[in-house]
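Read the structure below first, then the notes.
Read-outs throughout are calculated quantities, based only on the coordinates presented, and are distinct from any laboratory measurement. Computed from a prediction, not measured in an experiment: that's the story for all the values here. FYI the Cβ positions are ideal-geometry reconstructions off the backbone, even for glycines, and counts take in every protein chain you see.
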Amino acid sequence: MRPVLVLALAAALWPAAAAAQGVGLEGSGDQPIHVDAAESLEWHSEQKLYVARGDARLRQGDTTLRSDLLTAYYRDLPNGGTEIWRATADGNVVIETPTERAQGDQGVYDLDKNVFVLTGRDLRLDTQDGVITARDSLEYWRGRQLAVARGNAVAVQPAEGGGENRIEADVLTAEMRPGPDGALEIDVINALGGVTITTPTDVVRGQEGVYNVRTEIATIMGRVRITRGENQLNGDYAEVNLATGVSRLLAQPGPQRERVRGLLVPDNTENRAEP
């Protein structure tokens with residue numbers, strides 16, 4: 001019996017000692033995995049799984065998965081060893097890296113695909129560039145440097161001069177890249193279905209959108225409407241500069257393009273007579 005399994009078995013037989021011991025394991029990635037818990041650590045050899053209870057933590061490299069209950073599934077290797085290939089978390093789930101923090105009620109970590117999937121209430125991903133929330137699920141693909149928010153997804157970031165900019169859609173996909181300090185930062189956000197961008201001055205609606213975080217320019221396509229107060233502009237697509245607050249409504253090129261239309265309501269407050 002490998003020493004690591006002896007340690008896991010000891011933790012299962014003497015739960016009070018589990019918090020002080022933990023267990024080191026091999027993962028399907030290129031980094032080892034460490035599992036520990038505050039209450040107990042159990043080894044179920046027939047089901048090929050470990051169960052950690054009470055402030056359970058799974059750490060791999062600079063990533064930590066925490067929850068009330070953590071189950072790690074392993075498989076046998078041809079050389080006689082084992083490796084963890086999947087982990088499930090239930091209750092107060094938090095995934096942390098040096099630059100991101102995600103939370104939910106339940107979570108699944110597929111080590112083969114290198115992806116976390118969070119479900120439940122209060123789904124939230126905090127990054128250096130803002131906050132992304134969702135109703136149905138949050139996915140974080142570590143290898144592809146990609147985050148996906150599904151169901152009433154919202155991305156919020158502070159606006160220059162005060163207030164905030166919001167991007168809402170059925171699905172938001174955030175593409176990340178290493179920044180100057182090497183930490184991951186959001187590069188592009190793709191929005192699909194029922195897209196709404198809200199700035200301190202305008203509300204822009206459409207069917208699809210792409211937001212470039214570096215240029216702070218969002219492009220919205222598909223039955224676009226720009227609303228500012230009582231004024232509204234309609235067209236094929238729009239460009240919204242979230243840094244300056246300037247929105248441009250444009251017509252698609254080509255002979256079949258429709259004209260850009262607008263409804264402008266004059267402000268007569270200055271012409272009103274004093275009472």
Among segment 98-125, those whose backbone N falls under 19 Å of a label point 7 Å along Cα→Cβ from Asn79 are 112
With a point put 7 Å past each Cα toward its Cβ, work out how far Val131 is from His44 in nm, to one decimal. 3.6
Around Pro178, with a cut-off of 11 angstrom between Cβ atoms, what is the net charge of the other residues, counting Lys and Arg +1 and Asp and Glu -1? -2
What is the sum of charges around Arg135, taking Lys and Arg as +1, Asp and Glu as -1, for the other residues whose C-beta is under 13 Å from the C-beta of Arg135? -2
Pair Arg177, Asn231: separation of 7 Å Cα→Cβ label points (nm): 3.5
Test of understanding: ordering Val188, Val154 by Cβ neighbours within 10 Å, fewest first, what list do you get? Val188, Val154
For a protection proxy built on the mean count of beta-carbon atoms within 10 angstrom, sort 122-134, 71-83 highest first, please. 122-134, 71-83
With θ set to phi - 60°, apply the Karplus curve 6.51 cos²θ - 1.76 cosθ + 1.60 along segment 137-148 and write out the HN-Hα couplings as whole Hz, x wherever there is a Gly or Pro. 6, 10, 10, 10, 8, 5, x, 8, 6, 9, 10, 10
